[in-house]
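Here's the structure, in structure tokens; my notes come after.
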Amino acid sequence: MRDGSTVRDTSRVIRPGGPRVVLHYRLTVGLDMSTAFVIDGVPQLNLGVRFRSRDRDAATRMMQAGARLDNDRLCDLIEAVAQHKDRRAFSELFRHFAPRLKAFGIRQGSDAATADELAQEAMLALWRKAATFDRSRASATTWVFTIVRNKRIDMFRRQRHPEVALDEAAEQPSEEAAPDDRLQWSTAGDLLSRVLATLPQDQIVVLQKAFYEDKSHSVIAEELNLPLGTVKSRIRLGLARLRQALPEEQL
Amino acid sequence: MINHHPPLELLFDYAAGTLPEPVALAVATHAALCPMCRDDIDAAEALGGAMLDTLTPVPMQEGALDAVLARLDEPEVETLAANSIAASEEGAHMIPGPLRRYLGAVRAGGWDSLPWRGITRALEEIRLPIRMPGFKVSLMRLAPGATVPVHTHRGVEYTLVLSGGFSDETGEYLPGDFACKDQSHVHRPVVDTDEPCISLVVLDAPVKLTGMVGRLVNPFLRM
Ligand SMILES: [Zn+2]
């Protein structure tokens, strides 16, 4: 909440029949009006967006914001940004991803304001790089992960993350792996989340330290006071487990 | 046919974004040449996406979306573009993309057009513009028949062959092959191809010589 702002709260039930959805308006005078959803007494999201009460679709859109969008929808939105510079699509992507990216920053040890900045910068990068997204190669969330990863490296380490674009990878003909042999990581998002939940705790800890705490496998070994070989084998086991799970569940 | 790949945990660190830039460059350049490792990276990045998905969203500050919407038309400040060259430029296509962005103008003739600097009669070098304390990042070109003086490493030496090849105690290295040597290796590579051997070499700590010979000519000492 901003200091010195005047706040007026009104609440109303949008759909008395269904779940009890209460829309809170908070008017910050001279700046904007933000909204928050409360469904069955549980706050869902606080959206720092301009909200016009005459916009009949707004409430519906707001409700969707709290829900998870599926991968196809997210891919469509990213492509709309890439092809038409579609700001509505971008806003929807923002509502879905920004709070997750902020959580990512906080999980990595940033304070809320810095994590917010990381999320905003990553969303700006999403806008600019949307044309590089290829839904056949990665899920929307995986692609956004690589964006926030690179932005984190840029912001906090002042380094770059050298990328391998697909066309570059294809430049050098190789007899080893035809494109068809590639596993379909692009559609594996939900599956991976489920497999992730079944991994043993010792593997999860290693993965969390790598992805959330920005630590390489050798640093993780030091921190956990484990032999390097143990950490390496946990990484290998974790990835192998995902690979094993993938083809079976996709059939 | 690529026979020597980065260890899986290095690909994993690359995907998680925890590698220092010079090492990440060596891994990315290998992956540009190696679909197998590219797939391992895809897998690890998909894992990163799944981990992002398991986090509980945290509401953004008020006005955050408007703030970003207002910035969408700002021109992008792109530091990387300054060094980059068009992929279509003649002679550039033989240089893998991730590496290309760190080189100046590449003219017709590809590797030969680069500003090589003679270190010895058999060795030329180009330092890449990555300034990181403790790291040295170079392209090295060794003449056919050349040997690098015997040395061991205090840190780790990453070598990615880009053209030609060399052999050492651990085998034969040809374009695309990735070598990763640490303290446990005593290392004596020999260029045994007919053409010069061009490699991307990343050193993450000074190298100590095992013999006196080569102290003056050993490029690995010049940090
Ligand atoms: Zn490989």
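Of everything in the range B:178-194, what is within 16 Å of the ligand (Cβ to nearest atom) and within 13 Å of chain A (Cβ to nearest Cβ)? Give them in sequence order.
The answer is B:C180, and nothing else.
Do we have any residue at all in the range A:171-184 that's touching a Gly at 6+ places or on another chain (Cβ under 9 Å), modelled with pLDDT under 90 and hydroxyl-bearing (S, T, Y)? Looking through the range A:171-184, at least one residue is touching a Gly at 6+ places or on another chain (Cβ under 9 Å), modelled with pLDDT under 90 and hydroxyl-bearing (S, T, Y). Of the residues in the range B:112-121, at least one is at pLDDT 85 or above, of a type in the set (D, E, K, R), part of a loop (DSSP other than H, G, I, E, B) and surrounded by fewer than 18 Cβ atoms within 10 Å (Cβ to Cβ).
Specify which of the listed residues (A:R95, A:R100, A:R128, A:R152) is surrounded by fewer than 17 Cβ atoms within 10 Å (Cβ to Cβ), within 11 Å of chain B (Cβ to nearest Cβ) and out of contact with any Cys (no Cβ under 9 Å at 6 or more places or on another chain).
A:R128
Residues of the range B:1-33 that are over 16 Å from A:H161 (Cβ atoms) and either among the aliphatic types (A, V, I, L, M) or at the interface with chain A (Cβ under 7 Å from one of its Cβ atoms) (or both): B:M1, B:I2, B:L8, B:E9, B:L33.
Assessment of the range B:17-37 against the conditions (over 16 Å from the mean Cα position of the chain (by Cα) and under 22 Å from A:R157 (Cβ atoms)) yields no matching residue. If I filter the range B:34-43 down to residues being within 11 Å of the ligand (Cβ to nearest atom) and outside any loop (DSSP other than H, G, I, E, B), which single residue comes out as farthest from the other protein chains (Cβ to nearest Cβ)? It comes out as B:C37.
When each of B:V137, B:V58, B:V77, B:V68 is tested for being more than 16 Å from the ligand (Cβ to nearest atom) and modelled with pLDDT under 85, the lone residue that passes is B:V77. Considering the range A:132-149, and only residues there that are among the hydroxyl-bearing types (S, T, Y) and at the interface with chain B (Cβ under 7 Å from one of its Cβ atoms), the residue that is surrounded by the most Cβ atoms within 10 Å (Cβ to Cβ) turns out to be A:T142.
The values are calculated or read from the model by the stated rules, or taken from the named source; none is laboratory data. Predicted model only: the values in this text are computed from it and were never measured. Neighbour counts run over all protein chains shown; Cβ positions are idealised from the backbone, glycine included.
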